[in-house]
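Reading through the structure tokens given below for one structure.
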Amino acid sequence: MKLLIASDSHGLTEELIELKRRYGGEMDAMIHCGDSELRADEEAIRDFLTVRGNCDYERKFPLDITKEIGDSKIFITHGHHYNVKMTLLNLSYKAKEVGADFVFFGHSHILGAELIENTLFLNPGSLLMPRGRTERTYAVVEKNGNTIRVSFYTDKHRELEDLRQEFSL
């Protein structure tokens, strides 16, 4: 399984179109964790599994998505309803409730990945306004058997190799 995760692009379009052009054929899913500030029918966001963030007015985007991809259950949310800027506890309760193997969220604009009780929690950072680092980022997650590999990339598609992580289930 191979997934692209982006978030908090706040009106950007060319960057999302470039991600689709670059990765569209090789990903099992492309995910946007909210605050795209785009309409659902706009070309840039089409083909992404997209949730509604606190800056989104498009009601066609759901607040949360739970989806099975391959043999994994994915939970996608923006994070503002789970208070992710303060704690992952609320989000971890939701992950347990839906049986998620992967939880993808945004809102804080701070990239990070953490395995909690065999569930991967990942925030890809922001494609427009990163916090905690200067690079604008997105993530690629690959699952092969019991190994999960997380790679973070800049908006110029350069891997931040010092942030690459592998987790074993």
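The values are calculated or read from the model by the stated rules, or taken from the named source; none is laboratory data. Remember, predicted model here, so these are calculated numbers, not experimental data. Glycine also receives a Cβ, built like all others from the backbone with ideal geometry; neighbour counts cover every protein chain displayed. The area values use the complete protein model at the heavy-atom level, side chains included, leaving out ligands, DNA and RNA. Shrake-Rupley method; radii C 1.70, N 1.55, O 1.52, S 1.80 Å.
Filtering the stretch 16-25 down to residues that are touching a strand residue (DSSP E or B) at 6+ places or on another chain (Cβ under 8 Å) and at pLDDT 95 or above, which residue is farthest from ALA44 (Cα to Cα)?
Ranking the qualifying residues of the stretch 16-25, first place goes to TYR23.
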Of (1) surrounded by 12 or more Cβ atoms within 10 Å (Cβ to Cβ); (2) modelled with pLDDT of 95 or more; (3) not β-branched (Val, Ile, Thr), LYS156 fails just (1)
Within the stretch 53-142, strands (runs of 3 or more DSSP E) holding 2 or more residues that are closer than 15 Å to LEU3 by Cα
64-69, 72-77, 102-104, 119-123
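Can you work out which of the residues in the stretch 14-30 that are assigned to a loop (DSSP other than H, G, I, E, B) and in contact with a Leu (Cβ under 7 Å, 6 or more places away or on another chain) is surrounded by the most Cβ atoms within 10 Å (Cβ to Cβ)?
Filtering first and then ranking leaves MET27.
Residue-by-condition table, conditions (1) open to solvent by 10 Å² or more (accessible area, probe 1.4 Å); (2) of a type outside the set (Gly, Ala, Ser); (3) closer than 11 Å to CYS33 by Cβ; (4) free of Cβ contacts under 8 Å to residues at least 24 places away in the same chain:
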site: THR87; (1), (2), (3), (4): yes, yes, no, yes
site: ASN90; (1), (2), (3), (4): yes, yes, no, yes
site: ALA100; (1), (2), (3), (4): no, no, no, no
site: ILE110; (1), (2), (3), (4): yes, yes, no, yes
site: ALA113; (1), (2), (3), (4): yes, no, no, no
site: THR119; (1), (2), (3), (4): yes, yes, no, no
